[in-house]
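Participant: Got a structure here, written out as structure tokens. Questions coming.
The values are calculated or read from the model by the stated rules, or taken from the named source; none is laboratory data. Since the structure is predicted, the reported quantities are computational estimates derived from the model, not experimental observations. With ideal geometry, Cβ positions are generated from the backbone for all residues, glycine too; neighbour counts draw on all protein chains shown. Each accessible area value is taken on the protein alone, full model and side chains, heavy atoms only, with ligands, DNA and RNA left out. Shrake-Rupley method; radii C 1.70, N 1.55, O 1.52, S 1.80 Å.
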Amino acid sequence: IMSTAAPIAPQGSRVEGAESFLRNVLASMEAVYLSRNPTAKAILELVRSVHNDTICYDHIAFRTFGMNGHGIDSLARFFLDFGYTQREELSFPAKKLKAFWFSPPSISNAVYDGDGVNGPLPRVFISQLLVDQMSQQTQEIIRKYTESSYNGKKHAALASALGSLTWEKPSHSEFVQLVRESEYASWTLVNGFALNHVTISTHRLKSYLKNIKSLNQFIEENGYKLNNEGGVLKVSPDGLLLQSSTLADSISFEFSDGVTASVPCSYIEFAERLVLPQYKHLPLAEVKEHHRRDGFEVGNADKIFESTSRQQQTANA
Ligand code: OOG
Ligand code: NI
């Protein structure tokens, strides 16, 4: 017991303490991502190198198995505990997926006006495979690994920050079974809760790369491939949310049966959010993030999911 009464923390300091923890967790997730994905790392550096720019993340994204408590909620719990708000559901019936996005808490941007995870907090996009719509064989494999993780599902954010699976490594044949039925399922089996991508907010760049078309051109001129599914630039029906992404890097993975094979890991995305019609009259210097198109778009997302698919990788080779 402390003899000298500690001064009562001023209002808000606890929030600040929690905020720095949240950012440290994000930084660990990002470090895992940068260490496994040389393309994403190189592109972040390349974009920064133009006029010594600062990068804001529009959002970060995760994939999960909707089974045995391993779905969206397992990761969402962490973000909700640190002030995030659950927003709209997005549904992808053909891919047998659903997703929710989460908006960040409003924060003391005066302190955190830095780069990446030290900038404005990103939105969070979490999807899950609708496992009960998969074949019996695929369900069995996913059941086996999600069950083998015991209470791992309660520690999804920790697993992501450590870059560790919460279940045993699968065999190569189990991986191949999943690839046949759902690229998403096979990705999640070997990557677990690892960050699937971060997204650069292009309109918050200072350089000419703030225009997503210029950025796409710049990325291609530097020798990187972009996901070409439905065209490089994905545009929402209202014309206000523009997105593009690279193709996922691959990593050598050692399966439980001794087979070593290359598996897709993560990619990087770009998003430009245009000013909403009701704020069109605002001088550009006064335009804040909340004056721009928010949220996500099923039609765009459906194509961005393909950034980890082998078909995209070979079509684009
Ligand atoms: C997510 C794809 C969707 C977006 O911004 O709409 C997406 C994924 O590949 O897991 O990132
Ligand atoms: Ni995304």
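Participant: Given the conditions (1) open to solvent by 60 Å² or more (accessible area, probe 1.4 Å); (2) within 19 Å of Asn211 (Cβ to Cβ); (3) within 12 Å of ligand 2 (Cβ to nearest atom), report the number of the one that Lys303 does not fulfil.
Facilitator: In the conditions (1) open to solvent by 60 Å² or more (accessible area, probe 1.4 Å); (2) within 19 Å of Asn211 (Cβ to Cβ); (3) within 12 Å of ligand 2 (Cβ to nearest atom), Lys303 misses (2) alone.
Participant: Quick one: is Asp294 open to solvent by 50 Å² or more (accessible area, probe 1.4 Å), in contact (Cβ under 8 Å) with a residue 12 or more places away in the chain and under 19 Å from the mean Cα position of the chain (by Cα)?
Facilitator: On the way: open to solvent by 50 Å² or more (accessible area, probe 1.4 Å): yes; in contact (Cβ under 8 Å) with a residue 12 or more places away in the chain: yes; under 19 Å from the mean Cα position of the chain (by Cα): yes.
Yes: the conditions hold for Asp294.
Participant: Go through the residues of the range 107-114 one by one and say whether even a single one is open to solvent by 20 Å² or more (accessible area, probe 1.4 Å), out of contact with any Pro (no Cβ under 9 Å at 6 or more places or on another chain) and not in a loop (DSSP other than H, G, I, E, B).
Facilitator: From the range 107-114, those open to solvent by 20 Å² or more (accessible area, probe 1.4 Å) are 107-114; that's our starting set.
Pick out the ones that are also out of contact with any Pro (no Cβ under 9 Å at 6 or more places or on another chain) and you get 108, 110-111, 114.
Adding the requirement that they be not in a loop (DSSP other than H, G, I, E, B) leaves none.
Checked the range 107-114: no residue is open to solvent by 20 Å² or more (accessible area, probe 1.4 Å), out of contact with any Pro (no Cβ under 9 Å at 6 or more places or on another chain) and not in a loop (DSSP other than H, G, I, E, B).
Participant: Still on this structure, please answer the following. Looking only at the range 67-106, count how many residues are open to solvent by 80 Å² or more (accessible area, probe 1.4 Å) and not small (Gly, Ala, Ser).
Facilitator: Taking the range 67-106 and keeping what is open to solvent by 80 Å² or more (accessible area, probe 1.4 Å), we get 73, 77, 81, 86-89, 93-94, 106.
When the remaining residues are screened for being not small (Gly, Ala, Ser), the result is 73, 77, 81, 86-89, 93.
Counting residues in the range 67-106 that are open to solvent by 80 Å² or more (accessible area, probe 1.4 Å) and not small (Gly, Ala, Ser) gives 8.
Participant: So which of Phe305, Phe270, Phe218, Phe296 ends up being within 14 Å of ligand 1 (Cβ to nearest atom), of a type in the set (A, V, I, L, M, F, W, C) and in a helix (DSSP H, G or I)? It would help to see each step written out before you state the result.
Facilitator: Values: Phe270 fails: in a helix (DSSP H, G or I); Phe218 fails: within 14 Å of ligand 1 (Cβ to nearest atom); Phe296 fails: in a helix (DSSP H, G or I).
Only one candidate passes the filter, namely Phe305.
Participant: Go through (1) surrounded by fewer than 16 Cβ atoms within 10 Å (Cβ to Cβ); (2) within 16 Å of ligand 1 (Cβ to nearest atom) and name the single condition Pro277 misses.
Facilitator: (2)
Each row is one residue, and each column tells you yes or no for (1) at pLDDT below 95; (2) within 16 Å of ligand 2 (Cβ to nearest atom); (3) assigned to a helix (DSSP H, G or I).
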| site | (1), (2), (3) |
| --- | --- |
| Met2 | yes, no, no |
| Ile8 | yes, no, no |
| Gln11 | yes, no, no |
| Glu30 | no, yes, yes |
| Lys41 | no, no, yes |
| Asn68 | yes, no, no |
| Leu75 | no, yes, yes |
| Ala99 | no, yes, no |
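Participant: Does Leu274 satisfy being over 26 Å from Tyr184 (Cβ atoms), in contact (Cβ under 8 Å) with a residue 12 or more places away in the chain and out of contact with any His (no Cβ under 6 Å at 6 or more places or on another chain)?
Facilitator: Details: over 26 Å from Tyr184 (Cβ atoms): yes; in contact (Cβ under 8 Å) with a residue 12 or more places away in the chain: yes; out of contact with any His (no Cβ under 6 Å at 6 or more places or on another chain): yes.
Against the criterion (over 26 Å from Tyr184 (Cβ atoms), in contact (Cβ under 8 Å) with a residue 12 or more places away in the chain and out of contact with any His (no Cβ under 6 Å at 6 or more places or on another chain)), Leu274 qualifies.
Participant: Looking at Leu205, Leu178, Leu226, Leu189 in this structure, which one is in contact with a Phe, Trp or Tyr (Cβ under 7 Å, 6 or more places away or on another chain) and open to solvent by less than 20 Å² (accessible area, probe 1.4 Å)? Before you say what the answer is, go through the steps one by one.
Facilitator: Details: Leu205 fails: in contact with a Phe, Trp or Tyr (Cβ under 7 Å, 6 or more places away or on another chain); Leu178 fails: in contact with a Phe, Trp or Tyr (Cβ under 7 Å, 6 or more places away or on another chain); Leu226 fails: in contact with a Phe, Trp or Tyr (Cβ under 7 Å, 6 or more places away or on another chain).
From the options Leu205, Leu178, Leu226, Leu189, the qualifying one is Leu189.
Participant: Of the conditions (1) open to solvent by 40 Å² or more (accessible area, probe 1.4 Å); (2) assigned to a strand (DSSP E or B); (3) touching a residue at least 60 places away in the same chain (Cβ under 8 Å); (4) not aliphatic (A, V, I, L, M), Ser252 satisfies every one except a single condition; which number is it?
Facilitator: So Ser252 meets the others, but not (3).
Participant: For the range 136-174, give me each residue that is out of contact with any Asp or Glu (no Cβ under 6 Å at 6 or more places or on another chain) and not in a helix (DSSP H, G or I).
Facilitator: Ser149, Tyr150, Asn151, Gly163, Ser164, Leu165, Thr166, Trp167, Glu168, Lys169, Pro170
Participant: Give Glu89, Glu45 a once-over and let me know the one that is within 16 Å of ligand 1 (Cβ to nearest atom) and either part of a strand (DSSP E or B) or closer than 30 Å to Asn222 by Cβ (or both).
Facilitator: Numbers: Glu45 fails: within 16 Å of ligand 1 (Cβ to nearest atom).
The match here is Glu89.
Participant: Mind checking which residues of the range 124-169 are of a type outside the set (A, V, I, L, M, F, W, C), crowded, with 23+ Cβ neighbours inside 10 Å and under 18 Å from the mean Cα position of the chain (by Cα)?
Facilitator: Ser127, Gln128, Ser160
Participant: Identify, by number, the condition in (1) surrounded by 12 or more Cβ atoms within 10 Å (Cβ to Cβ); (2) free of Cβ contacts under 8 Å to residues at least 40 places away in the same chain; (3) of a type in the set (Val, Ile, Thr) that Thr260 doesn't meet.
Facilitator: (1)
Participant: For the range 48-67, which residues satisfy the criterion of being within 16 Å of ligand 1 (Cβ to nearest atom) and of a type in the set (A, V, I, L, M)?
Facilitator: Within the range 48-67, the subset within 16 Å of ligand 1 (Cβ to nearest atom) is 56-66.
Listed by number, the residues that qualify are Ile60, Ala61.
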